[in-house]
Amino acid sequence: MNEITKGGEFLTKQTQSKNVFIPEEFSEEQNMMKEAVKDFIDREVWPNKNRYENKDYAFTVETMHKVAELGLLGVSVPVEYGGMGMGFVSTMLVCDYISGATGSFATAFGAHTGIGTMPILLYGTEAQKQKYVPKLATGEWFGSYALTEPGAGSDANSGKTKAVLSDDGTHYKISGQKMWISNAGFCSLFIVFARIGDDKNITGFIVENDPKNGITLGEEEHKLGIRSSSTRQVFFNETKVPAENMLSERGNGFKIAMNSLNIGRAKLAVACMDVQRRVISIAVQYANERKQFNTAISQFGAIRYKIANMSASCYVVESACYRVAKNIEDQIETFIQQGLSHQEAELKGVEEYAIECSLLKVAASEDVQNCTDEGIQIFGGMGFSEDTPMESAWRDARITRIYEGTNEINRILSVGMLIKKAMKGQLDLLGPAMKVSEELFGIPSFDTPDYSELFAEEKEMIAKLKKVFFMIAGSAVKKFGPDLEHHQQLLLAVADIVIEIYMAESAILRTEKLALQKGQDAVKEQIAMTQLYLYNAVDIATSKGKESICSFTEGDEQRMMLMGLKRFTKYVNAPNVIALRELIADKVVKQNEYCF
């Protein structure tokens, strides 16, 4: 097993490439699974894309039953509950390749296998798991997750839905309204969150979907994208729920909701991957065929600029997704070896990397939106037409920045969780922050560094970007203390710096590992994508760093920190990014598809 870097420690430790997992290391079994999933999507989903766009909800359900027959609804479910019992990497792999054709099916699949099933698997009693999980794992039943209410979105714990215990203590009566509930139109059970009495926190319940038991559904919502994903309001009117269907303990619902969303965020990130691969491939194929001025538009620099940037972002997000997937899988295995049950180990394993899950969710959802937008642009006027797949991909991508916690919430959460870990002594942020503060007052080295090894300067740039984070975060915590959480615009800017550090470092580690395995010449395009992404990441860190520093400092402190920012974001040998883009685009254009 690789050396495990704990959640958030990527900021305080220099991870070795030998200790990261990369997609090129999928096992034979995982590669076979990937091909099986791709074949299913290409055969059953992609040719029927118009049916999803035309709100054929019944076809979504039909496809869910077909994927259930392949056993894919139970990939992460232990064998004793009817699943395949595979690890977190395999779970992410299936979620990745099953999501590329349409957001409608991806949402139905993700909602069922994630937040519709995992709360029972992770928090349920043995009796609850025996009763419900096998049905969910095999597709006999479909699951749904009812948390959001008209007045409770990002503030999930503020829900007004009530649960009242009967006089004889045998059941609860649940009353309230839920909205934006995925799979509501065809699910067999809901994971419902309600408040008992005046409890501070909500409580989770397993509620079977029986219309005769006070459950009424609203009409299907008409949405910008994911059009044939069933999304309805759900009304509970004194719905009787057996007392034994309480999930975990009274008042534990908020914790269940948050931990379920941690898993959901990681899966959502990887579910943005195959969309990008397909969009890039289709855009390149069109660019190779489309001629203007007697030349294929794929030969024009303006188009090649887009192809290169789209490819680099896709490669980098993929690198980060599978890096954290293996971290989670290894952490779960470590906890099991320490004597924890699978249930406890998975809970603690995913919770450990909640920060990374939030970072990934933001990065992947924004990259897929950019990718689909550029896909439309490459198609030009045709891209705006429903006759091409670009506009539906763009519409479907838009929801990814909203569900599983908005990107704004996830940015704020990620920095907040880092600081809380530091306050609890679980992560040393103070030590590095003090060292950076001392360095600011020191004399910088004027020695000529040796950058002869691959990524020597890039690794140093990552280390310097981490100093940018420590410099700003350390000063902000010192100035604001607990009140820092009220300075949301500052937190958003700092989060962007952290995101770019994690993503760029993930790409460097993946590509270095590939270069050691295959030789640098064999992966020169991957090297170029990594360098291109880092160059852009440094620009983002520079901009967000300046914005942050100027927001809460002045005078000598501000001048000193801005000088530090300039020092920590300066290349010795800045790359020729136009040449990098040309190298990347040339490979993708010649291969006529995304090929990494």
Looking at the stretch 1-53, which of its residues are open to solvent by 50 Å² or more (accessible area, probe 1.4 Å) and of a type in the set (G, A, S)?
A36
Taking the stretch 361-387 as the search range and keeping residues that are part of a loop (DSSP other than H, G, I, E, B) and without any contact (Cβ under 8 Å) to a residue 24 or more places away in the chain, which one is surrounded by the fewest Cβ atoms within 10 Å (Cβ to Cβ)?
D387
Restricted to the stretch 237-262, and to residues that are open to solvent by 70 Å² or more (accessible area, probe 1.4 Å) and touching a helix residue (DSSP H, G or I) at 6+ places or on another chain (Cβ under 8 Å), which residue is nearest to F88 (Cα to Cα)?
F254
Identify the residue in the stretch 197-209 that is of a type outside the set (F, W, Y) and open to solvent by less than 10 Å² (accessible area, probe 1.4 Å) and, among all such residues, is farthest from the chain's Cα centre (by Cα).
V207
Of those in the stretch 123-154 that are among the β-branched types (V, I, T) and more than 20 Å from L261 (Cβ to Cβ), the residue nearest to the chain's Cα centre (by Cα) is T138
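Let's see how each residue does on (1) modelled with pLDDT of 95 or more; (2) of a type in the set (V, I, T):
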position: T400; (1), (2): yes, yes
position: N407; (1), (2): yes, no
position: I412; (1), (2): yes, yes
position: D428; (1), (2): no, no
position: F441; (1), (2): no, no
position: S445; (1), (2): no, no
position: L454; (1), (2): yes, no
position: E460; (1), (2): yes, no
position: A463; (1), (2): yes, no
Limited to the stretch 336-355, what total is found for residues that are assigned to a helix (DSSP H, G or I), closer than 18 Å to M118 by Cβ and out of contact with any His (no Cβ under 8 Å at 6 or more places or on another chain)?
12
Give A345, A393 a once-over and let me know the one that is touching a residue at least 60 places away in the same chain (Cβ under 8 Å) and in contact with a helix residue (DSSP H, G or I) (Cβ under 6 Å, 6 or more places away or on another chain).
A393
The stretch 263-319: number of residues that are open to solvent by 10 Å² or more (accessible area, probe 1.4 Å), farther than 30 Å from G7 by Cβ, polar (S, T, N, Q) and assigned to a helix (DSSP H, G or I):
4
Could you check the stretch 28-79 and list, in sequence order, the residues that are among the β-branched types (V, I, T) and in contact (Cβ under 8 Å) with a residue 60 or more places away in the chain?
V37, I41, V45, T60, V61, V67, V77
E220 passes all but one of the listed conditions (1) in contact with a Lys or Arg (Cβ under 9 Å, 6 or more places away or on another chain); (2) of a type outside the set (A, V, I, L, M); (3) free of Cβ contacts under 8 Å to residues at least 12 places away in the same chain; the exception is number (3)
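The values are calculated or read from the model by the stated rules, or taken from the named source; none is laboratory data. Since the model is a prediction, treat every value here as computed from it, not as a measurement. Virtual Cβ from ideal backbone geometry, glycine too; neighbours counted across all protein chains shown. When the accessible area is computed, the model is the full protein with side chains, heavy atoms only, and any ligands, DNA or RNA have been set aside. Shrake-Rupley method; radii C 1.70, N 1.55, O 1.52, S 1.80 Å.
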